Structure formats: C-alpha cells, structure tokens
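For reference, the structure is listed below as structure tokens.
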Amino acid sequence: MTLPFYVSPEQLMQDKAEYAKKGIAKGRSIVAVEYRDGVLFVADNPSSSLFKISEIYDNIAFSGAGRYSEFESLRKAGIQHADLKGFMYSREDVTARSLANGYSQTLGTIFSQELKPFEVEILLAQIGEQPEQTELYRIAFDGTIIHEKEFVAIGGRADAVVSALRARGPEHVPDLKTALTRCMNALETATSQTISLQALEVALLDRTRTGRKFRRIPAEEAGTLLS
Amino acid sequence: MKNILSQMPVNQCSSFFDFIHQTRPELTPAARWGSEGHVSASVDEIQRHVLSQLAHGTTVLAVKYATGVVIVGDRRAIEGYQVASRRMEKVFKTDSHSAIAIAGAAGPCMEMAKLFGIELEHYEKLDGLPLSCEGKANRLGQMVKANLPMVIQGLVVIPLFVGFDLKQREGRIFKYDVTGGKYEETEYHAVGSGGKDARVTIKERFHKNLSQPEAITLGLQAILSAAEEDLGTGGPDAFRGIYPTIKIVDAQGVRDVEESDVASQCDQLAQSRPGRES
C-alpha cells in the first residue's frame, strides 16, 4: 500500500490557478469597448463559424476566452438561465448582474472542488436605454468578478491589450468607427502582428436597434467602417 | 430561483420547451392538468361550467400575395355570451421572419404563442442559426401535439403559422389540427369561430398574384364578414378606436400595418359596402 502524498491547500490552489492561467494565455484576446450607441466586441478569431462572441438575451452579450468546449457550455447555460428567467418573470428582469453572479458561483465551485479547473475567462456586457446604464463584467477562472468601465479585455495577452487601449484612450466616448479602429490597433499592438479583417470577429450591442440589440458585423462591413 | 448555471453539463438539446419539461415541469402548459391529463367524472360538470366562463379568442386568417403573406386577427375575446376583452392581440411576431395567430382558449393560446417565440429565439441563440421555415412549422406541430391532454379537457388551441421561407423565397401558411397534424395551405386560410365565414369571403375574391394592399383589403373584408355572422368575432370598432391587427410577413421580415392605416381602410370599406342604408 502506498501512502497518499500530502499537498498543502495553498500549493494545490496555486497549482490550479497556474494551470488555468496558462491555458487562458495560450488563446487569443477579445476586447469590448463602450461606444456611442452601446458596446462593441472585437475578437481575434480566425474561424468564421465557431464564434467567441454571442447573444445571451435582448441586451446582454457574452464572450468567452480559453478552452472552447468549456466556455461554450457556460454560454449555453447562460442562455438557458436567461430565457427561463424571462419566461417566468419578464424580459426586463433578465440582468447581466444576476448572470455574472451565476457564472461566478459556478466557476468558483468548479475551481475549488474539481481536480481540473476551467481554463476560461468570461466577459458579459449589458446595455440600457441610457449610455450610463452600460455594465461590463469580467469573470475569471476562479469565479472572481470584476465590474469594468469603458473597456475590458480577456484571454491571450489581455493585460497588453488593456494597456494599449489605456495609452491611446481619450476621455470621451468614441463613435463606432473610432472604437473599432482603437480595438484593432490594441489587438495588433498586443500581439505585435497585423490582423486581417477575415480573422476578426466583430459584434455589437446597439441600443438604437428595436427588440434584440445584438448584431454581428460581417468582415465586409467592418472593412467599410475602417476605410 | 435555482441556479441553472450550476447544472453542468447543460443538456445538449436546443429546445426551450424540452428544457423546461426536464428542469421545471411545473412551468409547462401540460402541468395545468397533471401529466396524465384526466379528471374524474364527478368533476366533469364543474369543469364544463368553468370552461364556459373561460375567455376564448376567435377569427384569425392569413392570405398569401405575390411576395409574402398578410396575417390578420380580430380583437375580441368572449366568456360564454359576454365580451371578455375588446383589445386582445391574437397575432404575434415569433421571430424575424415568422408570425403566429391563435384561436381557442385565451390563456393557453397566449402561453403557446409566448413559448413558441422563446423556443425559436432559444434555438437561434444556442445553435447560432435560425430554424428553417419548415423546421419552425414542425416544431409548432409538436407543441400543439403536446397540448392534446388539454384539448380533451376542452382547452383547444389552434394556431395558424405564417413564415417567409428564405430558401424558397416565398411566404408560407401552415394550419394545424388539435392532434398536432400540420397542413400547408398554398393560398389562404382562416381559423376560429368565424373562420368559415372568413374563408368563404376570401374564396370568392382570391386570385394568385394579389398585391400587398389587395391582400390587406381582402383580409379586412373577411374579418368584417366573420364579425357580421359570428358573435365571437369583433369587427372594427370606430367608437372605441379598436381595429383588427394586421402583420405583413415578407422577405424584409415581419412588420405591423399601422393602426391609422387599418382605420382608414375600414372606413373606406364601410363607405363602399353594398346595401349601405345611408
């Protein structure tokens, strides 16, 4: 009979965190910024069919970085949660805050109880009627929630993207064209290589739309916006 | 509310209807009468009484024209011989290119329309692509079928589904029977208590290649004659300013015909009505 090894809880958590961070850093970055009519999402994503940004509810969008299968199951769970809540109560009762809390609980539990933590980072955005009602949340692999303002980046070299955005970000809220240019430049600066439009996934939460506010922007449209 | 997010892994099916069946069965329409859907004979009398007091919705119809479909519904709901509501909406947009109109017991009707709308949106969000027109029509058929235990209790829900098929580039109309049977109509259809009168009116004037305004007029004429013959169908109510709901479903999507336009159309129809006394 072999004796089980003793591993201190501190060591265990540290190992798990390191493992998760490594997995997330391997991927590519996603950035979301507030622009005049809502929130713009830009992801460095070479696939045109496997999306990293998606709609959760009328005015809520989701984006996941890290291991695809893991954030995909979180995305689906989020849609189920939102649709169920909207069906039971009312459409306006579905909020990003409650979703972010749910994700935080789930990721926190998985991180502390499972052998393998989720290698994901989640970004949630919600827009309201007014620009000041915009909410941006970043949820880390261990369930930490961070409420962000103006812009947020996850996955890959997220820190580099954020500092690139901070370096050039003037105070006022940009229009769509400026916001997109800024995001693209930040992604390029962080990875120090040029990104083609085809390798860019762009989507919006646009408060000027009626009903569902989420919209994907195809590469051609992004091209005309940037030119 | 239980945290759905913690139920990992989520079930892999893209249907909201199946999802609530599995996780929250008390929220499904079938939960109204228990899953078996039978009530003992002694309750039968009471039940019949209760049913006669339930609000019912009445005439809804759809007419195809050259590039799409118009879908029209009256606004009246009745409880026995009384008017329960003069402003009920019976035509609902269910997604960008489809709409549903429902006749039958008001409560379950509204519930089915709402559930069907969420079902389509849920699928679109989970799978990233909207269902095909045929797919939507089939799904609705399964939901009508699941409603069968309630039909036996007297709570009939008969939907009329209209969609624009983006592949075939044409508007399509589907009707259903209570067992969930789905039948495609190639020209027009009307359901509800005044459905027969409406169908007769449309039949007399329908032709292929109607224009959109012609189809709208025809739909209104059909609602008018249904309202004249059937107590359960409400005609245009100029006194209160309540007019039938009309939606257009075509390649551009689903949109409402403005109430003011419907009102002026109804005025014109009233002026030109044969046999008008003054």
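Of the residues making up region B:100-115, those that are more than 14 Å from every other protein chain (Cβ to nearest Cβ), surrounded by 18 or more Cβ atoms within 10 Å (Cβ to Cβ) and among the small types (Gly, Ala, Ser) are B:Ala101, B:Ala103, B:Gly104, B:Ala105, B:Ala106.
Here is a yes/no grid of residues against (1) crowded, with 24+ Cβ neighbours inside 10 Å; (2) away from every other protein chain (no Cβ under 14 Å); (3) free of Cβ contacts under 8 Å to residues at least 60 places away in the same chain:
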| position | (1), (2), (3) |
| --- | --- |
| B:Val70 | yes, yes, no |
| B:Gly73 | yes, yes, no |
| B:Ile78 | no, yes, no |
| B:Tyr81 | no, yes, no |
| B:Arg86 | no, yes, no |
| B:Gly117 | no, no, yes |
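A Cβ distance below 6 Å, combined with a sequence gap of six or more or placement on separate chains, defines the contacts here; from region A:61-73, residues that are touching a residue at least 24 places away in the same chain (Cβ under 8 Å) reach residues that are surrounded by fewer than 24 Cβ atoms within 10 Å (Cβ to Cβ) and of a type in the set (S, T, N, Q) in the pairs A:Phe62/A:Ser54.
Of all residues in region A:115-137, exactly one satisfies the criterion of being out of contact with any helix residue (DSSP H, G or I) (no Cβ under 9 Å at 6 or more places or on another chain) and in a strand (DSSP E or B), namely A:Leu123. Quick check, is A:Thr106 within 23 Å of A:Ala222 (Cβ to Cβ), polar (S, T, N, Q) and either touching a strand residue (DSSP E or B) at 6+ places or on another chain (Cβ under 9 Å) or not in a strand (DSSP E or B) (or both)? Against the criterion (within 23 Å of A:Ala222 (Cβ to Cβ), polar (S, T, N, Q) and either touching a strand residue (DSSP E or B) at 6+ places or on another chain (Cβ under 9 Å) or not in a strand (DSSP E or B) (or both)), A:Thr106 does not qualify. Filter region B:122-134 down to the residues that are free of Cβ contacts under 8 Å to residues at least 40 places away in the same chain and among the charged types (D, E, K, R), then identify the one that is farthest from the other protein chains (Cβ to nearest Cβ). Checking each candidate, the answer is B:Glu134.
Just give me the residues in region A:56-94 being more than 24 Å from B:His21 (Cα to Cα) and either in a helix (DSSP H, G or I) or not aliphatic (A, V, I, L, M) (or both), in sequence order. Scanning region A:56-94 gives A:Asn59, A:Phe62, A:Ser63, A:Gly64, A:Gly66, A:Arg67, A:Tyr68, A:Ser69, A:Glu70, A:Phe71. A:Phe111 satisfies every condition listed in (1) closer than 21 Å to A:Gly156 by Cα; (2) at the interface with chain B (Cβ under 9 Å from one of its Cβ atoms) except (2). Taken together, A:Leu99, A:Leu50 contain a single residue that is part of a helix (DSSP H, G or I) and in contact (Cβ under 8 Å) with a residue 12 or more places away in the chain, which is A:Leu99. Working carefully through the options A:Glu92, A:Glu148, find the one that is away from chain B (no Cβ under 14 Å), of a type outside the set (A, V, I, L, M, F, W, C) and touching a residue at least 12 places away in the same chain (Cβ under 8 Å). Within the list A:Glu92, A:Glu148, the selection yields A:Glu148.
Where a number appears in this text, it was derived from the coordinates with a stated rule and is not lab data. If you're wondering where the values come from, they're calculated on a predicted model, not measured in any experiment. Here the Cβ is made from the backbone with ideal geometry for all residues, glycine too, and neighbour counts use every protein chain on show.
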